[in-house]
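The values are calculated or read from the model by the stated rules, or taken from the named source; none is laboratory data. Given the structure is predicted, the values throughout are model-derived calculations rather than measurements. Virtual Cβ from ideal backbone geometry, glycine too; neighbours counted across all protein chains shown. Accessible surface areas use protein heavy atoms only, side chains included; no ligands, DNA or RNA. Shrake-Rupley method; radii C 1.70, N 1.55, O 1.52, S 1.80 Å.
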Amino acid sequence: MLGDLDEDIREHIAMETQDNIEGGMSPEDARYAALRKFGNVTQVKEDTRAVWSMVWLEGLLQDVRYGLRMLYKDPGFTAAAIIALALGIGANTALFSVVNGVLLRPLPYRDPNGLAVISLLNSKTREVFPLCDADFLDWRAQNQSFTAVTAFFHNRFNLTGSGRPEQMFGDMVTADFFSILDVPPVLGRTFLPNEDRRGSPNVAILSYRLWQNRYGSNPNVIGQGIVLNGSTYTVIGVMPPRFLSSPETQLWTNLVIDPPSRRGPYYLTGEGRLKPGVTLDQARAELATIAQRIHQLNPGTNVNMTIRAVPLEEAIVGDVRPALLVLLGAVAFVLLIASANVANMILARASVREREFAIRGALGASRARLAVQLLTESGLLAGLGGIFGLGLAWCGVQLLLDLAPATLPRLEEVGLDGRVLAFTTVISLASGILFGLGPALGGGRNAMNNSLKEGGRSQAQSTRSNRARRVLVVVEVALSLVLLIGGGLMLKSFHRLQNVNPGVDVENALTMQISLPERQYDDSRSIAFYRRLLDKLQTLPAVDSAAVGMALPPNLLDVNDNFMVEGQAETSDRNLGLADLVFVSPDYFRALGVPVVKGRSFNDGDRADAPKVAIINQTLAKRYWPNQNPIGKRLKTGGPERPKNPWMEIVGVVGDVKYSGLDAAPEMVLYEPYEQSAWLSMYLVVRTSSRLGDPGELASAVQNAVWSFDKDVPVAHVRTLEQLLSESVEQPRFRTVLLEIFAFIALSLAAVGIYGVLAYSVTQCRQEIGIRMALGARRSDVFALVVGQGMVLALIGLAIGLAGAFALARFLSSLLYSVRPTDPATFAAVSLLLAAVAFLSCYIPARRAMRVDPMVALRYE
């Protein structure tokens, strides 16, 4: 122990230490003084440190062994505590893994904070729109804030030529796209600077997933040709696994942007990397100047439009950030409630063990020593809860991945990594300290002689301990009410969202998507293909109507463009509008079940050589012809810079369709006959005369009909309209389900907490109850007494919880649809529900108290 000191010196040190102690020094100071007198000072410090390290380690091991024995002796308490903690820690860890993957992990790009996404913003309506070619070229030419800029748009590609034809999503991008993000490929190269100019060869870069699934990770794919939309592209690279522009992106091709003759259509997203030292606010000021200059040079276009810049991370995860943070706060409440429950159990257990602590104190244990022992036991519980919670977290992550919508960004990065494990360790330790600190500080607080003189039952009725347990129950009820109100608001919001009228008849309709390759199909051939296909589909059994259109509700709208109304002054703000364009076949409205409010639908006479016609939705009609009949009025797409664009006569007005999502306000929509405005990529809608039994059978018949005209045209995204509607609310459903689960766990823990306190109180107050009944108290009086004690705690918790819910309601406002965050009906209903659960938790202990036999209780005492 003392290094190289010989036995003689050891004896002198021992004697000197004893003399110092007898002289009034503490044992630690006495031994240190002796070592300084007889040993080398440096060696003394090292040996003293080693001695006390050994003492501390032995004491810790003794505490751990004793704590494990105590937990083993009370398996019911141990199991209940570990289950409660495992639920809280597991739920927190699982959700944190989602938050970590989606929000916290840095984007897989160099200096992602310097990247910004550029689009148009209507300063009046706050609607966000894509850029047009002219906007992008003006921005690129006039920009001084970005080192480089790029533009891209999400496109569908038919991959043919090797294996079964397949439709997939990819991005068409300008040459600087990958250099701005600064992510090297794992194979091959990215685009060269001149590969977005007219005359450059068609080249493509594959995602890692497509390279694995379609080409078996074959490195020889570099340099090979693949057929996309009927054109041959040379594969020049493969990107890393984490690199995805969006969850659906499987490839990238070079995009050529020529100087346009007009502003529109609007379909591009811009992206740029800020120059060193330039802030995003400075870039926004420059973009506002560019937008103003564009408007001055092009009067009548981009009215009320400014150029918007947001950080890339916000553009990717901005919509889901509030929801995930709210869920993380909710699951933190669950952990607090679980910790309060465990603290309650430990307090009750500590009350029973006061006699044990008093005896240990009489034998020389200090209050600090007893507190360390209790904290050690709490730490053991937290550690075991953390271990089991980690197992629950692994299952929870798998469940979250199954429940999460495919549109949740960065979903592939969710998992249990080092940061998540560190988070689990921290919250396990924090929860151990949290629920162990109160009992540890209170351990041994009662007078030792009183504890030894009185019986175990008497000393267990510590007023301070009972008060602490009741406070914890109040906290549990308050936190549970906040969670339940949040869950109630989300549930009501989701119910109203599901009941929104999408503007179509969702029953008995099957949809799919078809894209014709541009190289093989010009306007006339594409029109002929769709006309023949629709004629053939009409002959299928049970098919009532079939149609094609550019878009389907909800969340499936592709193109918008400027339009101007005949006869309205050019100085008017309404002169040049921006509407969503949808090219459709004659039976489109019938197949979707969209009502024709005024005029007529399109018919077979609305062909390419016929006068141009259009149909508008009710929102556009009310905006431009309030209190008028728009039938017979004329409008045209494009602005004053395109005077040769033909005027289109409005022949009908149809109901509003929720193309931009069920929770979005109606937008202006302009419909044109597909034979007058040919489009290669169309959605097919087939409505049956009876309910779809097996949509797969009809889908197979439709697919065969398509392949009978062209075997290389894939049929993709086969869904019923009901499925499309369900998929459109996946994110609200996801957050609602999770919040309901957390609220249910919180409610259960709160009920257990109330029950536990009252059950323990009844057990410890058997003598008092027996005396009351012996003195004439009726069983109903005892029942009312016990229930009253529990309901007082519940009502106090409800009052605090209501105040907390009102204070936190504003954090939910952005996640609610058509529901106020302080909705009185929800607050009242949830409060009554929690009060009812609290009453049930009081009922069982109260019934047990009613059955107490006064003679048995008094004889027992």
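So that you can scan it fast, the table gives a plain yes or no per residue for (1) in a helix (DSSP H, G or I); (2) in contact (Cβ under 8 Å) with a residue 24 or more places away in the chain; (3) out of contact with any helix residue (DSSP H, G or I) (no Cβ under 7 Å at 6 or more places or on another chain); (4) buried (at least 20 other Cβ atoms within 10 Å of the Cβ):
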residue: F191; (1), (2), (3), (4): no, yes, no, yes
residue: S200; (1), (2), (3), (4): no, yes, yes, no
residue: A204; (1), (2), (3), (4): no, yes, yes, yes
residue: N213; (1), (2), (3), (4): yes, no, yes, no
residue: S217; (1), (2), (3), (4): no, no, no, no
residue: V227; (1), (2), (3), (4): no, yes, yes, no
Could you give me the residue pairs with C-beta distances under 9 Å whose first residue belongs to the range 764-792 and is over 29 Å from A478 (Cα atoms) and among the hydroxyl-bearing types (S, T, Y), whose second residue is at pLDDT 70 or above and not in a helix (DSSP H, G or I) wherever it lies, and which are 6+ apart or on separate chains? none
For the subset of the range 146-188 comprising residues that are of a type in the set (S, T, N, Q) and open to solvent by less than 10 Å² (accessible area, probe 1.4 Å), which member is nearest to A204 (Cα to Cα)? T174
Run down V482, V500 and say which single residue is buried (at least 21 other Cβ atoms within 10 Å of the Cβ), out of contact with any Cys (no Cβ under 6 Å at 6 or more places or on another chain) and of a type in the set (A, V, I, L, M). V482
Can you tell me which residue among V702, V706, V686 is touching an Asp or Glu at 6+ places or on another chain (Cβ under 9 Å) and either without any contact (Cβ under 8 Å) to a residue 40 or more places away in the chain or of a type in the set (V, I, T) (or both)? V686
Say whether the condition of being of a type outside the set (K, R) and more than 29 Å from D561 (Cα to Cα) is met by at least one residue in the range 254-271. no
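Quick grid of which residues meet (1) assigned to a helix (DSSP H, G or I); (2) among the polar types (S, T, N, Q); (3) touching a Pro at 6+ places or on another chain (Cβ under 9 Å):
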{"site": "A699", "(1), (2), (3)": "yes, no, no"}
{"site": "R719", "(1), (2), (3)": "no, no, yes"}
{"site": "A746", "(1), (2), (3)": "yes, no, no"}
{"site": "A759", "(1), (2), (3)": "yes, no, yes"}
Residues that are open to solvent by 20 Å² or more (accessible area, probe 1.4 Å), hydroxyl-bearing (S, T, Y) and modelled with pLDDT of 85 or more: does the range 575-595 have at least one? no
Matching option when the condition is among the polar types (S, T, N, Q) and either surrounded by fewer than 16 Cβ atoms within 10 Å (Cβ to Cβ) or touching a helix residue (DSSP H, G or I) at 6+ places or on another chain (Cβ under 6 Å) (or both), among N704, N617: N704
Does the range 96-131 hold any residues that are assigned to a helix (DSSP H, G or I), hydrophobic (A, V, I, L, M, F, W, C) and either modelled with pLDDT under 90 or touching a strand residue (DSSP E or B) at 6+ places or on another chain (Cβ under 9 Å) (or both), and which are they? V102, L103, L104
Out of everything in the range 504-520 that is open to solvent by less than 10 Å² (accessible area, probe 1.4 Å) and either in contact with a His (Cβ under 7 Å, 6 or more places away or on another chain) or part of a loop (DSSP other than H, G, I, E, B) (or both), what residue ends up being nearest to S690 (Cα to Cα)? M512
Hits in the range 600-656 - residues which are without any contact (Cβ under 8 Å) to a residue 12 or more places away in the chain and not polar (S, T, N, Q): G605, D609, K622, W625, P626, P643, K644
Counting only residues that are farther than 27 Å from R410 by Cα and modelled with pLDDT under 80, which one in the range 301-321 is surrounded by the fewest Cβ atoms within 10 Å (Cβ to Cβ)? N304
Only one of G632, G655, G638 is farther than 28 Å from L537 by Cα and crowded, with 16+ Cβ neighbours inside 10 Å, namely G638
When residues of the range 233-257 are filtered for being open to solvent by 40 Å² or more (accessible area, probe 1.4 Å) and either assigned to a loop (DSSP other than H, G, I, E, B) or in contact (Cβ under 8 Å) with a residue 60 or more places away in the chain (or both), how many remain? 6
What single numbered condition from (1) modelled with pLDDT of 80 or more; (2) open to solvent by less than 10 Å² (accessible area, probe 1.4 Å) fails to hold for V782? (1)
